[in-house]
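Participant: This is the structure I want to talk about, given as structure tokens.
The values are calculated or read from the model by the stated rules, or taken from the named source; none is laboratory data. Small disclaimer: the values here were computed from a predicted structure and weren't measured. Cβ sites come from the backbone with ideal geometry, for glycine too, and all protein chains shown count toward neighbours. Note: areas computed on protein heavy atoms with side chains; ligands, DNA, RNA excluded. Shrake-Rupley method; radii C 1.70, N 1.55, O 1.52, S 1.80 Å.
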Amino acid sequence: MVKIAIVDDEKKTLEWECDCIGKVVYEKGEAEIFPYSSAEEVAGQISQGEEYDVVITDIELSGMSGLELGKLVCRKLHRCYLVFLTSHSEFAVESYRLEAYQYILKAEMEERLPRIVERLIEKVKKERNNFILLGSETERQKVYFRDIIYVQKDKGMKYVLYITKLGNFREREVLRKVRDKLDSKMFLPADRGSIINMKYIERISGDTIYLEGGYKLIISRSRVKKVKEDINRYWGCD
């Protein structure tokens, strides 16, 4: 079941927002809505170990704001999608800094929100099937594709190094076989020794790719043009 938290401190507006996505959610029968009247309620649930796949929140809340809640979600929930709602467009820049999946003006909500929620339900379902098992022989851990930042294998080394949001893992594998397992729409072979998750790319300068978390990788000059084209294509369609 896909868990969707929706937050608004105005009761009638919260009911309206729930009704707005209710048809999509309940027709599919694959998601559940959890309404909250304050960001503090959601933060409390998350601190107790509750997880959500999607958090939809008004930005302007009394007490803890939607942006503050968004920052908490980004820190605590690695696989959660954020959707911000507001009546004022000036909050857009700040919401984008938090890598929100969407920013929606309430005036456009009835038209846009159901389509976005439907799309996110499908994305979450797909991602739950996209994982690999990493770790020691005695303890294997499920790591979802979206949590892998990049994979690297240095020349002459027997092990492939996975850099992920959950930690680093070494596996005795052939990099070509790793590439075959990963989603080709999400992962980019930067050169013969590395594969990058494009969602973590912050910028590319010259022959250097800068990734979220302070990581950077040098790509071969012969690959620079192709890599830039692939990145631009990904940013343009995702």
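Participant: Taking Tyr159 as the residue in question, decide whether it is at pLDDT 90 or above, of a type outside the set (A, V, I, L, M), on the phi < 0 side of the Ramachandran plot and open to solvent by 50 Å² or more (accessible area, probe 1.4 Å).
Facilitator: So Tyr159 fits the description; yes.
Participant: Hand me the list of strands (runs of 3 or more DSSP E) wholly inside region 187-238 holding 2 or more residues that are free of Cβ contacts under 8 Å to residues at least 12 places away in the same chain and under 21 Å from the mean Cα position of the chain (by Cα).
Facilitator: The qualifying strands (runs of 3 or more DSSP E) are 201-205.
Participant: Now for a different question. With the condition kept exactly as written, say whether any residue in region 41-61 is in contact with a helix residue (DSSP H, G or I) (Cβ under 6 Å, 6 or more places away or on another chain), more than 17 Å from Tyr81 (Cα to Cα) and not in a helix (DSSP H, G or I).
Facilitator: So far as region 41-61 goes, yes, one or more of its residues are in contact with a helix residue (DSSP H, G or I) (Cβ under 6 Å, 6 or more places away or on another chain), more than 17 Å from Tyr81 (Cα to Cα) and not in a helix (DSSP H, G or I).
Participant: Which of the residues spanning region 204-238 are more than 21 Å from Thr164 (Cβ to Cβ) and either among the acidic types (Asp, Glu) or loosely packed, with under 12 Cβ neighbours inside 10 Å (or both)?
Facilitator: Scanning region 204-238 gives Ser205, Gly206, Asp207, Arg221, Ser222, Lys225, Glu229, Asp230, Asn232, Trp235, Gly236, Cys237.
Participant: Which residue out of Ser62, Ser37, Ser47 is open to solvent by 30 Å² or more (accessible area, probe 1.4 Å) and within 17 Å of Cys18 (Cα to Cα)?
Facilitator: Residue meeting the stated conditions: Ser37.
Participant: Next up: Scan region 121-131 residue by residue and report those that are of a type in the set (A, V, I, L, M, F, W, C) and either assigned to a loop (DSSP other than H, G, I, E, B) or open to solvent by 60 Å² or more (accessible area, probe 1.4 Å) (or both).
Facilitator: Matches in region 121-131: Phe131 only.
Participant: Report, by residue number, each residue of region 50-59 that is touching a Cys at 6+ places or on another chain (Cβ under 9 Å) and either surrounded by fewer than 22 Cβ atoms within 10 Å (Cβ to Cβ) or not aliphatic (A, V, I, L, M) (or both).
Facilitator: Within region 50-59, Glu51, Tyr52, Asp53 meet the criteria.
Participant: Follow-up. Within the group Tyr26, Tyr96, which residue is at pLDDT below 95, open to solvent by 60 Å² or more (accessible area, probe 1.4 Å), assigned to a helix (DSSP H, G or I) and touching a strand residue (DSSP E or B) at 6+ places or on another chain (Cβ under 8 Å)?
Facilitator: Tyr96
Participant: Scanning for something acidic (Asp, Glu) and closer than 18 Å to Val124 by Cα, does region 61-72 turn up at least one residue?
Facilitator: Within region 61-72, not a single residue is acidic (Asp, Glu) and closer than 18 Å to Val124 by Cα.
Participant: Please name all residue pairs, on different chains or six or more residues apart, with Cβ atoms under 6 Å, provided the first residue is in region 154-169 and is within 18 Å of Glu212 (Cα to Cα) and the second residue is assigned to a loop (DSSP other than H, G, I, E, B) and open to solvent by less than 60 Å² (accessible area, probe 1.4 Å).
Facilitator: none
Participant: Given the criterion over 20 Å from the mean Cα position of the chain (by Cα) and either surrounded by 12 or more Cβ atoms within 10 Å (Cβ to Cβ) or aromatic (Phe, Trp, Tyr) (or both), identify the matching residue among Leu175, Leu166, Leu182.
Facilitator: It is Leu175.
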